[in-house]
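A.B. asks: I'd like to ask you about the structure that follows.
Laboratory data are not the source of any read-out in this text; all were calculated from the coordinates shown. Here the structure is a predicted model, which is why all the values come from computation and not from measurement.
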């Protein structure tokens, strides 16, 4: 690596000297990849080449799991005329809230002998944003997760995990427009307050009565003595979306101020009737955000065709698809100094792309012969907080409707070191794991998209009818 940098530095100095005496041709395609120093193309010392790619649409069966602090998708996309249908549901546990300043659990309904009357049971969800058509109507239904299901209190599950079994009828339902969740809602209790960015679903009062009936002793039915015992009595809540609507809403379950199950009740204290409430929160791991994709239309056609070189790429964000990208011409490229190698990907117009927006960022890595993925660790840099320097590596959607990746070191290694010319993988993940340096076993998680299932895009493939738009590798190099 040191020798390579010494050669590159010496060459750049030589080119600057030549530049002071010669009028050279400027680079004929705009480059915005940070502060890299690239000599002008004169076709004597510095050259430009464009290599065609071979691209294919592939369904991505990945293993990414939902995290406690993630924004969860909920809703249904029933009419994406390019990509088909999406349905998102949520599963999560709840436990009694702690006594302020203490980890001890107490019976939250005053006492077992009080004359208790359940007023209402409200499930509140902290709303964080949306994707798709925010004015279409969504209907969601709440169920109890079955005790016989495999759902546990301490796990996060894959986004493509099968749905969990529920028990009994629905506990409640709500039909709403996603756009209305920004509105303030007056809550009238002892004092009238307003809340915004909250979805409130009224549940059956029988659930409140059931919780109030749990024993307070330290037995198998002593549900308020520990979270683990409570979980054995009540596995958790499932929120499922009807097959209607045309968008996704995002909720944060770890926000205790706005996400909670609240039981409002009247209780007699010293002969006086008082109205109060008890909260149940999602405080620990034990959650799933199951997103079912049903490819249709052009997306399904391209996934199912037998073509090894697709002219179009239907890229659906995680959990969705990826594009395999081959660059065969690199195998026979002569030894050269590569000043810039950028993969250029053009976004094509598609039906409803004003509603179903493109991912703001894509990611690129490589796959070996064993189908094991590796990051392009020589070209990508990640900071200590897990953020990617997209300014140098690329991957952001630009105003000219292109995504570009700077893979200069990767290409240089293929040409000079004869490293394997692996298949590249282009996709839109929520997050990914990268190696920090060449040859390092140190991994770092990086965030790519703001939310799961956020974005889909139609791209020009390697064999697209207009070569100027087709996916290609552009190289600026000097011969050795």
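A.B. asks: Mind listing the Cα extents of the range 395-480 along all three principal axes, in Å, largest one first?
C.D. replies: The Cα atoms of the range 395-480 stretch 43, 41, 21 Å along the principal axes, largest first.
A.B. asks: Taking Cα atoms of the range 71-285, Rg/Rh with Kirkwood Rh, to two decimals? Mind showing how you got there, number by number?
C.D. replies: Numbers: Rg = 18.0 Å, Rh = 18.3 Å.
Value, to two decimals: 0.98.
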